[in-house]
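The values are calculated or read from the model by the stated rules, or taken from the named source; none is laboratory data. On a predicted model such as this, the values are computed, not experimentally measured, just so you know. As a convention, Cβ positions derive from the backbone with ideal geometry for all residues, glycine included, and neighbour counts pool all protein chains shown.
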Amino acid sequence: MGRSRGRDAENPRARLDHGGIAEIAPSEFGGGHELIVDGTPQSHVDLDDPTHLHFEYIVRMGAVIDQLGSSASDPLSVVHLGAGALTLPRYVAATRPGSRQQVIEWEAPLIDLVREHLPLPRGAAIRIRIGDAREGLRRLPPALTGNCDLVVSDVFSGAQTPAHLTSVEFYREIATLLSPTGVLLVNVADGPGLAFARRQVATAAAVFAEVALLADTQVLKGRRFGNLVLAASASPLPTDWLPRMLAAGPHPAKIAQGDEVVAFAHGAALVTDADAVASPRPDAGLFLR
């Protein structure tokens, strides 16, 4: 998520099924384009350089992805929940040639808009499926079960993650897709106090043996609203060199692991399908320029 801006009548746009408006606009920050949904930037894409990741939480996801596999060039088997402008599928296709990727996205008009104005690279094995993310998991090819190197969950309806994509039952469904060393990355948006994020960490930890958090230092301390990347796996996470990279900027960030994650989630209740709620809605003034 980013800051809102006024719409340009010349920018291509589409009305989404939920009634909102998606728009593609030139980026004001370092080239490329942004996908803006209801005034809030959702994705940044640089067609000339798909390895250019602009949003900070996406940079952090990319850093984890770079460590997957026995080498940084190994092709990956990936499932993406939520499409946006397909920033990470483009990144994986560019950095891991031969990767096979599945994308599940609810909004067909959004996909049509992105395909027309921000076309995917030729030859990229990226299959896009339209539908609910959780229902879509159950309809993936059986051959993916237990064989995925990576699942990315980055689904927002407006500015909130839908409740049914936050529960222990949901994480268990993802776990069946992952290989023994496969990694789940989740975009968790939360504000001061981090009550939602703490429950998400506790819930993921009930399913996965290893859980870590990557975030801006001030966000991780619960001092402001922002995006945290939750990483989880049945095996030790490949994060040895991440602390130094995160501390280098562009804004101070860190990775919380081990006892720090246990302390972070201490006392937080697991989320179940019966009591799940959507992620908190950011304050309306957060994205105003």
In the range 130-158, residues that are crowded, with 18+ Cβ neighbours inside 10 Å and touching a strand residue (DSSP E or B) at 6+ places or on another chain (Cβ under 6 Å) total 10
Just checking: which of the strands (runs of 3 or more DSSP E) contained wholly in the range 1-117 hold 3 or more residues that are surrounded by 19 or more Cβ atoms within 10 Å (Cβ to Cβ) and in contact with a Cys (Cβ under 8 Å, 6 or more places away or on another chain)? 77-81
Taking residue 161, is it crowded, with 19+ Cβ neighbours inside 10 Å, within 18 Å of residue 57 (Cα to Cα), β-branched (Val, Ile, Thr) and out of contact with any Leu (no Cβ under 9 Å at 6 or more places or on another chain)? yes
Filter result for residue 285 (modelled with pLDDT under 90 and surrounded by fewer than 17 Cβ atoms within 10 Å (Cβ to Cβ)): yes
Selection from the range 42-73 of residues touching a residue at least 60 places away in the same chain (Cβ under 8 Å) and under 22 Å from residue 108 (Cα atoms) yields 42, 45, 47
Across (1) crowded, with 19+ Cβ neighbours inside 10 Å; (2) under 19 Å from residue 150 (Cα atoms); (3) hydroxyl-bearing (Ser, Thr, Tyr), residue 181 clears everything bar (1)
